[in-house]
Amino acid sequence: MEGLALDARRIGAERARGIWPERVATDYLERWVEEKPDATAIVGWRLEEEAATTLTWRGLATRVAGTAAALEVAGVRQGDVVSFQLPNWWEFVALYLATVRLGAVANPLMPIFRHRELSFMLRQAEARVFIAPERFRGFDHGALARQLAGEIAGMKLLGLEICNHPLEREFEKGARLRPNDVTELLYTSGTTGESKGALHTSNTLLGAVRAWAAHMRFGADDVIFMPSPL
């Protein structure tokens, strides 16, 4: 809901400063699908498999639409929390953009978190679904995810195959998320106590990203290497 994380005074002040774009992430995706559908959007590298996956903007959009459809089949509705514990794989990007399409709240969780942290965060977030890889860097994430699904009532466990869900209709534009709706629930590290859940809207996230891109003078021909956890 608009204003859930921000009061009217803050929204008005930031709008007056012109920092917030008043857009959501899929607006940009749709623009690039229209203007340069066959240009490279993402190159995902998996060290364990020593393999790269390259997605064009059109290919990414198709996977986003299929992922959104799979989440909807799983019962995800507007405002529901979609929790996922993923490395820097292309599926991470597809999942986030799919939550924007549905108006759901993305809850990305650090790959280093284990049962204690995940149990607390998933319960507090009231996650509708939880998505994790089977294995990453020698750890059995799949076994832990199944344990958590058995312990947390009302939470459904989904696999990464949802990101390759076949799209049975043409890619459609639009999102159920508005710029001041909550789009992300991000937990702090909890080094001085229990982790805190920080809420972000599209305006707060994209406003910061756009300012950073302008400061770094990023352009359409630049490639950004992302080694830190998404």
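So if I place +1 on the C-beta of Lys and Arg and -1 on the C-beta of Asp and Glu, and nothing else carries charge, what would the dipole magnitude of the chain be about its Cα centre? I want it in debye, nearest 20.
540
Hey, for a label at Glu48 modelled as a point 7 Å past Cα toward Cβ, could you say which residues of the stretch 117-149 have their backbone N under 17 Å away?
Zone members listed by number: 131-147.
Quick one: grab the alpha carbon gyration tensor of the stretch 29-87, order the square roots of its eigenvalues as a ≥ b ≥ c, and give me rounded if a/c is under 1.5, else prolate or oblate depending on whether a/b is larger than b/c.
Because a/c hits 1.5 or more and a/b fails to exceed b/c, the stretch 29-87 counts as oblate.
Can you give me the solvent accessible area of Lys196 with a 1.4 Å probe, rounded to the nearest 10 Å²?
Approximately 120 Å² for this residue.
On the accessible surface of the stretch 3-63, probed at 1.4 Å, how many percent belong to carbon and sulfur atoms?
Carbon and sulfur together cover 50 percent of it.
Work out how much length Glu34 to Ala220 would gain on full extension: take 0.36 nm times their residue separation and subtract the Cα-Cα distance, in nm to one decimal.
My answer for the length gained is 65.5 nm.
In Å², and per residue, what accessible area does the chain have when probed at 1.4 Å with the other protein chains present?
Using a 1.4 Å probe on heavy atoms only, each residue of the chain averages 55 Å².
Could you go through the stretch 201-209 in sequence order and give the Karplus-derived ³J(HN,Hα) for each residue, using 6.51 cos²θ - 1.76 cosθ + 1.60 with θ = phi - 60°, rounded to whole Hz, and x for Gly and Pro?
9, 4, 5, 5, 6, 5, x, 5, 5
Give the distance, in whole Å, between the Cα centre of the stretch 11-62 and the Cα centre of the stretch 135-149.
Taking the Cα centre of each part, the stretch 11-62 and the stretch 135-149 sit 29 Å apart.
Can you return the lysines within cross-link range of Lys36? Criterion is Cα-Cα under 17 Å, with same-chain partners fewer than 8 residues away left out.
Lys173
Once phi is turned into ³J(HN,Hα) by the Karplus curve 6.51 cos²θ - 1.76 cosθ + 1.60 with θ = phi - 60°, what whole-Hz value does each residue of the stretch 156-165 show in order, with x for glycine and proline?
Coupling constants for the stretch 156-165: 9, 9, 10, x, 5, 5, 5, 6, 10, 4 Hz.
Under a point spin-label approximation (7 Å from Cα along Cα-to-Cβ), what is the Thr188-Arg23 distance to one decimal in nm?
About 3.2 nm, to one decimal.
What's the ranking of 115-127, 12-24, 208-220 by average number of surrounding C-beta atoms within 10 Å, highest first?
115-127, 12-24, 208-220
Could you pull the Cα extents of the chain along its three principal axes, largest to smallest, in whole Å?
The Cα atoms of the chain stretch 46, 43, 35 Å along the principal axes, largest first.
With a 10 Å radius around each residue's Cβ, average the other Cβ atoms per peptide and rank 28-39, 128-139, highest first.
Order by mean packing, descending: 128-139, 28-39.
Once phi is turned into θ = phi - 60°, what whole-Hz ³J(HN,Hα) does the Karplus curve with 6.51, -1.76 and 1.60 give for every residue of the stretch 81-87, x standing for Gly and Pro?
Each residue's phi maps through the Karplus curve to give 8, 10, 9, 8, 10, 10, x Hz.
With a/c under 1.5 counting as rounded, go ahead and sort the stretch 24-123 into rounded, prolate or oblate using the C-alpha gyration tensor (a ≥ b ≥ c being the square roots of the eigenvalues; past the cut-off, prolate if a/b is larger than b/c, else oblate).
Since a/c reaches 1.5 but b/c is at least a/b, the shape of the stretch 24-123 is classed as oblate.
The values are calculated or read from the model by the stated rules, or taken from the named source; none is laboratory data. Fair warning: this is a prediction, and the values are worked out from it, not measured in the lab. Neighbour counts run over all protein chains shown; Cβ positions are idealised from the backbone, glycine included. Heads up: the accessible areas ignore ligands, DNA and RNA and are worked out on the full protein's heavy atoms, side chains in. Shrake-Rupley method; radii C 1.70, N 1.55, O 1.52, S 1.80 Å.
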